[in-house]
Amino acid sequence: MISVYGIKNCDTMKKAFTWLESKGLDYDFHDYKKRGITSEKLNEWLTHFDKWQLINTKGSTWKQLSDEVKNQIKTNQDAVALMKEKNSLIKRPILEVGNKLFLGFQPEEWDFKS
């Protein structure tokens, strides 16, 4: 089963849903805007991705942050605290397929074979 993490109303997420459905792939969607995201899950992702890969620095949420807040992100735990507070900072989608993780809408790189 594919687990997809993101925000339902995000345009990039809509592209991901359309792509998955066009391939006939079943998935479970975790909307962290509605359901939140745990520190444990963020820390798990941070074992696969750097904090600067996981934080969406191109989105409006990042751009609206003060330089003071941005400059306070020194450690993974700083990043986790901020992503929990402002979960729209998390790059999307994140797909979990078995023990594989995929970050961002890049279907050309999505290899769901074990």
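The values are calculated or read from the model by the stated rules, or taken from the named source; none is laboratory data. Keep in mind that this is a model prediction, so the values were computed, not measured. For neighbour counting, all protein chains shown are included, and Cβ atoms are generated from backbone atoms with ideal geometry for every residue, glycine included.
Within segment 68-94, the set of residues being within 16 Å of E40 (Cα to Cα) and in contact with a Phe, Trp or Tyr (Cβ under 8 Å, 6 or more places away or on another chain) comprises N87, I90, I94. If we scan segment 24-31, do we find a residue that is closer than 16 Å to K8 by Cα and either among the polar types (S, T, N, Q) or part of a loop (DSSP other than H, G, I, E, B) (or both)? No, segment 24-31 contains no residue that is closer than 16 Å to K8 by Cα and either among the polar types (S, T, N, Q) or part of a loop (DSSP other than H, G, I, E, B) (or both).
Of the candidates K34, K63, K74, K84, the single residue that is surrounded by 16 or more Cβ atoms within 10 Å (Cβ to Cβ) and not in a strand (DSSP E or B) is K84. For segment 12-24, the criterion of being among the polar types (S, T, N, Q) and surrounded by 15 or more Cβ atoms within 10 Å (Cβ to Cβ) is met by at least one residue.
When you go through F105, F17, F112 one by one, which is the residue that is of a type in the set (F, W, Y), modelled with pLDDT of 95 or more and not in a helix (DSSP H, G or I)? Of the residues listed, the single one that is of a type in the set (F, W, Y), modelled with pLDDT of 95 or more and not in a helix (DSSP H, G or I) is F105. Of everything listed in (1) part of a helix (DSSP H, G or I); (2) of a type outside the set (A, V, I, L, M); (3) free of Cβ contacts under 8 Å to residues at least 24 places away in the same chain, the single unmet condition for N43 is (3). Residue pairs whose Cβ atoms lie under 7 Å apart, sitting 6 or more positions apart in sequence or on different chains, and linking a residue in segment 98-113 that is exposed (fewer than 14 other Cβ atoms within 10 Å of the Cβ) to a partner that is modelled with pLDDT under 95 and in a loop (DSSP other than H, G, I, E, B), are G98/S114.
Quick one: in segment 48-60, which of the residues that are of a type in the set (S, T, N, Q) and assigned to a helix (DSSP H, G or I) is nearest to the chain's Cα centre (by Cα)? Among them, the one singled out is Q53.
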